[in-house]
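Every number here is computed from the coordinates shown, using simple stated rules; none is lab data. Quick caveat: nothing in here was measured; it's all calculated off a predicted structure. No Cβ is skipped: glycine too gets one built from the backbone with ideal geometry, and neighbour counts run over all protein chains shown.
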Amino acid sequence: MSESVADLVAEGRAALHCGDAAGARLAFERAREQSAEGVVLEGLARAAYLAMDYPPAVENWERAYAAYRESGDFVGAVRVARTLGYMYFSVVGDFAVANGWIARAKTLLAGAPDSTEEGWVALNIGMFEGNRERKELRFREALAVARRLGDIDLECVALAYLGASCVHADRAEEGMALLDESLAAVAGSEVDDFTVLEEIFCQLFSACERAHDVNRADQWIRIGEAIAARRQLPAVSAFCRTHYGGVLTAAGRWPEADATLTAAVRLWGLGKRSLLQGGAQIRLADLRARQGKLEEAEQLLVGLEADPEAARPLVAIHLSNGATTLARDVVERALAQLDPDSSAAAPLLELLVGVHLSAGQLDAAGCAAEQLTACAVRHPSPFVRATAALANGRVHIAAGTGVAEAQSCLREALAGFLSAQAPMEIARTRLELAKALRVECPEVALVEARAALDGFSRLQAARYADEAAAVLRSLGVRTAAARKGDSVLTKREVEVLDLLGHGLSNPEISDRLFISRKTVEHHVGNILSKLGLRSRGEAAAFAVRK
């Protein structure tokens, strides 16, 4: 390699380190005018990747692989081959092609003895391994190679993947300790490779989301965003925001979650990284469904319906349309893709209980609640235990098997959700308590219903707030009437107008907002009068325009 090419490669690598994708690409393109060596083509690929321009990144890595093979550089060929395996798996979504590249990297290791590539290949194989025990064995192999040969980047990313795997295997304390160690090295500027930084942050926030660990996520997000800004790494920011948005949703910090997930969708969209953009869209759809914005949730889920993570918002959409059979199918398909002994099955089983109750299938709901209870015994975290207790309380209420039994379950659920800092579930549990107690203990029911309404209102969970308001009305609490002659639409009238714009009929609006059809007619009349419109059709058109 000539000296001028060497200088340009060094210039390109320096630009990559500080996040200057355009500068790096320019340096490597100038180098390519003199040489098509593997190191130059690999630099072009990394510059395109940093800019989230993935098609040319893949193309240049493939060219770099050919160049390394032609020159007999086995280490370079292995590095590029396993990188292409990662790209085809996580970016392109061509899993057979990904497996082929990983197999090729493994074969070529024979020509690269005493190289850290042995550890990197083990790490990549572990990423794609379905069996938890074999997955963690590969991660431990990678960690051993990294420490034996002094590869800090490999050591830290292996710690992160191993830690996240432990958390997903319900060994949260062990896993979080490994993740904290990895992130401490990142914070201490020990990690250089920007792709490694992406993977570490992705694993951390994925683990926090799984474990409902809001405090840990809050502490590390500041580090992640600071590093992403300092080194100009949009993908690190997108990884952080995708999973952190899920954490914020569960924590009831919905305005923050909204901004975080919207930014993540935009960032992934810039790079057309559809697989990861889909994860952000699903989490945003879940938030929209919790807020009662089901039409927006449905739009976000187009093309993502088969993903098991989409089950919760899809079920909410189907139940709102009375399609209990479709809702049940969604949950059962999602459960079939999970280890039935995993704690990840708990939220899906709780969904299944709700679906069966909506369909009036009490025996099936009871069976699902029993499965959920068994899951809570295997994984006795406060959140899982509380989820099982809530489901059992709902079954007792529906079956009429006793206020005492229902109240006992729901009080247990409330304590668990308070411990887990899950405000949405706290409000849901208080609403179920109000339903259970409104006949025998109306005074207590009133307190719980008001607390539930307050919780839903703070979360801006309109649909659930409407349900709580309906329970309060059944207890004799009057709702405030709209002022006559007011030319500004009330909050409720705005909601009705929005639903008119989506083409809903009065009965459908009644069901959606938990108000009577007569009340809907009253609101429609007020809307027409205040806006000077003559018909529902004009109101719908007005809603669409605005």
Given R₀ = 45 Å, FRET efficiency for Glu181-Ser505 by Cβ-Cβ distance, to 0.05? 0.20
Compute the convex hull volume of the Cα atoms of the range 26-151, divide it by the residue count, and report the result per residue in Å³ as a whole number. 108
Out of the range 67-149, which chymotrypsin sites (Phe, Trp or Tyr not before Pro) are coil in DSSP terms and have no more than 11 other C-beta atoms within 10 Å? none
Pull out the extension gain between Arg171 and Arg140, defined as 0.36 nm times the separation in residues minus the alpha carbon to alpha carbon distance; nm, one decimal. 9.6 nm
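Between Arg478 and Leu326, 0.36 nm times their residue separation minus their Cα-Cα distance comes to what? Present the calculation step by step, with values, prior to reporting the outcome.
Numbers: separation 152, 0.36 × 152 = 54.72 nm, distance 3.64 nm.
Taking Arg478 through Leu326 to full extension adds about 51.1 nm, to one decimal.
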Loop trypsin sites (Lys or Arg not before Pro), the range 110-201 (other Cβ atoms within 10 Å of the site Cβ: 15 or fewer; DSSP): Arg171
On each of the three principal axes the extent of the alpha-carbon atoms of the range 402-458, given in whole Å and largest first, is 29, 22, 11
Pairwise centroid distance, computed over Cα atoms, of the range 1-72 with the range 373-442, Å: 58
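On alpha-carbon atoms, Rg over Rh for the chain using Kirkwood Rh? Walk me through the numbers on the way to the answer.
Values: Rg = 27.1 Å, Rh = 25.8 Å.
Computed over Cα atoms, the ratio is 1.05.
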Principal axis lengths of the range 3-227 from Cα atoms, whole Å, largest first? 53, 37, 33
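Normalised by the residues of the range 422-479, what does the relative contact order come to in percent, with Cα pairs under 8 Å and at least six apart?
Numbers: 62 pairs, mean separation 19.0, N = 58.
This gives 33 percent for the range 422-479.
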What is the gain in length, in nm to one decimal, between Cys18 and Ser529 on full extension, counting 0.36 nm per residue of separation less the C-alpha to C-alpha distance? 178.0 nm
Calculated P(r) of the range 491-545 - Cα pairs past 14 Å, %: 44
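With r as the distance between the Cβ atoms of Thr262 and Leu362 and R0 = 60 Å, compute the FRET efficiency 1/(1 + (r/R0)^6) and round to 0.05.
Numbers: r = 40 Å, r/R0 = 0.67.
Given R0 = 60 Å and the Cβ-Cβ separation, E is 0.90.
Given contacts defined as C-alpha pairs under 8 Å and at least six residues apart, what's the relative contact order of the chain, whole-number percent?
On the way: 809 pairs, mean separation 36.0, N = 546.
7 percent.
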